[in-house]
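Remarks on the structure that follows.
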Amino acid sequence: MHPRDASPTPLPAAAPQSVPLGRAHRAGHVVLCLFAEVALATPLAVLAAEFPATAAALASPERLPVPAWLALACLGIAAVGLVTVAVGLLPAALARCSVTVGGTALEVTEHPSLWRSGRTTRVPWEAVRLAVFRTAEFRRKKAAVSRPVLDLFTDRPFTALPAFATSRPTGPDGAHDAHGRPVGSHLLRIGASSASLEDAVRQVAGLAGAHRPDLFHPAPGTVIGPSAPWATRIAAPASLCYLGASFIGLAAAAVVQFSVQ
């Protein structure tokens, strides 16, 4: 979809209107912590089931040698750490979010959830240099799909954003005016990270176009770069957490088995 052909459908520009946009963060990390707990305990449980001597030793912990005690202590510390991380991530996984569009600003709000207080990132229209409604590529596993996004070229970065929004420097794929100067130093993208959010993103873009239609019409000679793929959040820390739990579980089980033989 060419940027100039992707004008959002205008909506009535009256009072500020709020559009629900899913949850603050995906629940995948919470689920991953639970799987890591299973990976942590499985090796020791398998040993206890396969070797009666190991099961008898674990049933009488006061007789365990020091190396086995240390291994079990490491297991306990890792298990408590995983539970702490899961509990800490739970409010963000349950928090509802919305985008409010008004005549002076666009606000991305994460509503309170459990013990987590809400927060709002306010994007004043004065900070937006250009708005583009188009599609972007979202990668899911090995597949790629195109979904609608609202790209706001801004003069500053914005932080504390939920999973459906991201802010990054524009780079070479940004927008430039007729003299080659960047139009905004950062790109704030509000995107349909899942199919269920597509209509909500279209509604946000329509409200933005109703309140500030001028932002969707670049000056003559402006060159808008191609729509970059969705900048996915890095999943490496979560994967390393799972691999680390698996390693600790295997190492602890090996130390216990070696100690009680």
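The values are calculated or read from the model by the stated rules, or taken from the named source; none is laboratory data. Computed from a prediction, not measured in an experiment: that's the story for all the values here. Accessible surface is based on the protein model in full, side chains and every heavy atom, while ligands, DNA and RNA are left aside. Shrake-Rupley method; radii C 1.70, N 1.55, O 1.52, S 1.80 Å.
The 3J(HN,Hα) values that the Karplus relation (6.51, -1.76, 1.60; θ = phi - 60°) gives for the stretch 188-205 are, in residue order, 9, 10, 10, x, 7, 5, 9, 4, 5, 9, 4, 5, 5, 5, 4, 5, 4, 5 Hz. Gly and Pro appear as x.
Let me know the shape class of the stretch 128-175, please: from the alpha-carbon gyration tensor, a ≥ b ≥ c as square roots of the eigenvalues, rounded when a/c is under 1.5, otherwise prolate if a/b is greater than b/c, or oblate. Judged from the Cα gyration tensor, the stretch 128-175 comes out prolate (a/c at least 1.5, a/b above b/c). Overall dimensions of the chain, expressed as equivalent-ellipsoid semi-axes from the Cα gyration tensor (√(5λ), whole Å, largest first), are 51, 18, 14.
Against the longest principal axis of the chain, how steep is helix 236-260, in degrees 0 to 90 to the nearest 10, with axes from Cα atoms? The helix 236-260 is inclined about 0 degrees to the chain. If you sort GLU107, GLU126 by accessible surface, 1.4 Å probe, largest first, the order is GLU126, GLU107.
Accessible area of PHE138 (1.4 Å probe, protein heavy atoms only, ligands and nucleic acids ignored): about 0 Å². Per residue, the convex hull around the alpha carbon atoms of the stretch 136-261 comes to 154 Å³.
Helix 28-50 axis versus longest C-alpha principal axis of the chain: approximately 20°, rounded to the nearest ten. With springs connecting C-alpha atoms under 10 Å apart, model the chain as a Gaussian network and identify which of SER167, SER193, SER246 has the largest mean-square fluctuation. Answer for the Gaussian network model of the chain: SER246. The distance separating the Cα centre of the stretch 19-47 from that of the stretch 138-206 comes to 29 Å.
Across the stretch 14-125, the fraction of Cα-Cα pairs farther apart than 21 Å, rounded to a whole number, is 58%. Entry for the stretch 60-124 at q = 0.16 Å⁻¹: log10 I(q)/I(0) = -0.68, Debye formula applied to identical alpha-carbon scatterers, no solvent contribution. Using a probe radius of 1.4 angstrom, the carbon and sulfur fraction of the accessible surface of the chain is 66%. Once the mean of 1/r is taken over each pair of separate Cα atoms and inverted, the stretch 55-210 shows a Kirkwood hydrodynamic radius of 19.0 Å. Surface exposure of the stretch 138-237, expressed per residue as accessible area with a 1.4 Å probe, stands at 48 Å².
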